[in-house]
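The structure under discussion appears below in the form of structure tokens.
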Amino acid sequence: MSLAIRHLDSSAPDFSQQLHALLAFEAATDAAIEQAVAAILADVKARGDAAVLEYTNKFDRMQAASIGALEIGQAELEAALASLAPARRAALETAAARIRVFHARQKEELRGFSYTEADGTLLGQRVTPLDRVGIYVPGGKAAYPSSVLMNAVPAQVAGVQDIVMVVPTPDGVKNPMVLAAAAIAGVTRVIGIGGAQAVAALAYGTATIPAVDKIVGPGNAYVAAAKRRVFGTVGIDMIAGPSEILVLCDGTTDPDWVAMDLFSQAEHDELAQSILLCPDADYIARVHASIDKLLPTMPRAATIRTSLSERGALIKVRDMAEACAIANAIAAEHLEISAEDPLHWAEQIRHAGALFLGRFSSESLGDYCCGPNHVLPTSRTARFSSPLGVYDFQKRSSLLMVSEAGAQTLGKVAAELAYGEGLPAHARSAELRLKP
């Protein structure tokens with residue numbers, strides 16, 4: 001039976017409304033989750049380790065006597081790394097090395113600067129790393145060593161000295177690849193806790209868990225709600241929505257490849273979104289045929305089927321130029337340009353989390369080992385947000401060293417503006433430095 005996936009046409013009079021309905025996604029706030037998270041945060045803030053331990057034992061079915069018993073030491077991380085099959089370890093190390101090289105290039109471009117004006121006034125910007133960051137890593141069935149690499153390596157490259165990783169270990173089960181990735185990525189401390197209580201511990205600090213400056217990493221609805229609530233006490237990376245892929249294809253790529261690329265996001269969960277834009281109606285039909293052919297072979301076929309039928313679409317456009325215009329409106333997390341001249345069309349793209357150019361650049365390569373970060377803005381936030389990077393683990397301070405001569409010129413300007421704002425102390429502060 002053919003998959004019931006939307007077929008849209010950009011020439012239809014109501015296409016804009018259809019596209020809007022397709023993209024609409026309300027990350028509905030569950031009142032029960034918000035209430036539970038608020039209570040957990042308040043409890044951890046008040047009772048510290050005792051509350052974290054209580055929730056961890058309850059939610060992860062543990063019987064730990066202390067937070068110390070939940071800590072995973074460096075020796076255990078190294079042992080997990082040593083336990084991996086050679087090919088698996090080599091893949092993890094290769095991915096980490098490529099991620100490190102890419103983010104080292106970012107750091108080179110994020111150096112501070114200064115300049116001296118004619119009167120001797122020095123102005124500039126200093127870039128310094130955060131002191132301590134917390135990395136949340138999903139545990140249990142959803143174990144993602146790639147997430148460890150993508151979050152920890154940029155922090156290490158940025159110069160963060162203390163990287164604290166929290167990862168739930170339901171029933172005491174620890175994923176060896178996650179621990180191995182922590183060893184490779186330079187994580188300084190790993191604690192086997194998760195959920196809203198872990199976010200609270202990182203944000204507020206406890207007797208044994210240090211407060212961090214920023215929390216990054218994906219999690220479930222409780223983790224997302226907790227991150228949203230502690231923002232302001234600490235920094236956070238983003239509140240990510242369901243994963244997305246948008247493929248722009250001119251009809252020259254093997255349709256099986258495109259179908260599988262659509263699957264690669266659809267298999268994440270039922271809310272993931274996979275969309276194809278193409279000017280060739282016959283090619284769109286071939287992709288649909290490939291979907292029907294390949295879907296039964298997928299272990300996660302049920303999830304893919306639901307995702308594609310409820311949130312996916314195959315869209316006929318007038319030409320590739322229109323496809324680019326629609327892509328800018330969608331501002332997708334992952335954007336593949338599978339065409340003969342991808343660089344040409346990429347010039348027309350303004351909004352996307354990451355661009356995968358050419359038919360050999362499958363999105364899955366970016367997820368794991370190309371080097372650029374796979375933590376990307378979702379739900380159209382690519383219009384104003386960027387991928388996670390070294391810059392997320394640094395902050396900038398302005399430098400001002402005004403010379404005596406500079407104070408004579410700038411002091412008069414500042415005083416005039418300060419009087420205009422009704423702030424005479426500001427004005428007098430500048431005027432006292434003026435020569436009589």
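The values are calculated or read from the model by the stated rules, or taken from the named source; none is laboratory data. Just so you know, these numbers come straight off a predicted model, no measurement behind them. Heads up, the Cβs are rebuilt from the backbone with ideal geometry, glycines too, and the neighbour counts pull from every protein chain shown.
If the condition is being buried (at least 18 other Cβ atoms within 10 Å of the Cβ) and not in a loop (DSSP other than H, G, I, E, B), then the range 236-256 contributes Ile236, Glu244, Ile245, Leu246, Val247, Leu248, Cys249, Pro255.
Would you mind stating whether Val212 is farther than 20 Å from Ser386 by Cβ and part of a helix (DSSP H, G or I)? The answer is no for Val212.
For Gly358, are the conditions met, namely being closer than 30 Å to Pro436 by Cβ and either free of Cβ contacts under 8 Å to residues at least 40 places away in the same chain or more than 27 Å from the chain's Cα centre (by Cα) (or both)? The answer is no for Gly358. Each residue in the range 138-168 was checked for being over 23 Å from Ala104 (Cα atoms) and at pLDDT 95 or above, and 3 of them qualify. In this structure, Ala155 does not satisfy being without any contact (Cβ under 8 Å) to a residue 60 or more places away in the chain, out of contact with any Asp or Glu (no Cβ under 6 Å at 6 or more places or on another chain) and either in the same structural domain as Gly186 (by TED's automatic domain parsing) or closer than 30 Å to Leu410 by Cβ (or both). Tallying residues that are touching a residue at least 60 places away in the same chain (Cβ under 8 Å) and more than 23 Å from Ala321 (Cα to Cα) within the range 2-28 yields 6.
Screening His268 on (1) at pLDDT 95 or above; (2) more than 21 Å from Ser386 (Cα to Cα) shows it passes everything except condition (1). Put simply, of Arg318, Arg305 the only residue that is among the basic types (Lys, Arg), in a helix (DSSP H, G or I) and assigned by TED's automatic domain parsing to the domain that holds Ala346 is Arg305. Within the range 146-180, the set of residues being among the charged types (D, E, K, R) and under 22 Å from Gly205 (Cα atoms) comprises Asp162 only. Looking across Leu295, Leu277, Leu355, one residue alone is under 20 Å from Pro387 (Cα atoms) and buried (at least 17 other Cβ atoms within 10 Å of the Cβ). It is Leu355.
This table checks each residue for (1) in contact with a strand residue (DSSP E or B) (Cβ under 9 Å, 6 or more places away or on another chain); (2) on the phi < 0 side of the Ramachandran plot; (3) surrounded by fewer than 14 Cβ atoms within 10 Å (Cβ to Cβ); (4) hydrophobic (A, V, I, L, M, F, W, C).
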{"site": "Thr381", "(1), (2), (3), (4)": "no, yes, no, no"}
{"site": "Ser385", "(1), (2), (3), (4)": "no, yes, no, no"}
{"site": "Ser397", "(1), (2), (3), (4)": "yes, yes, yes, no"}
{"site": "Leu410", "(1), (2), (3), (4)": "no, yes, no, yes"}
{"site": "Tyr419", "(1), (2), (3), (4)": "no, yes, no, no"}
{"site": "Gly422", "(1), (2), (3), (4)": "no, no, yes, no"}
{"site": "Ala427", "(1), (2), (3), (4)": "no, yes, no, yes"}
{"site": "Glu431", "(1), (2), (3), (4)": "no, yes, no, no"}
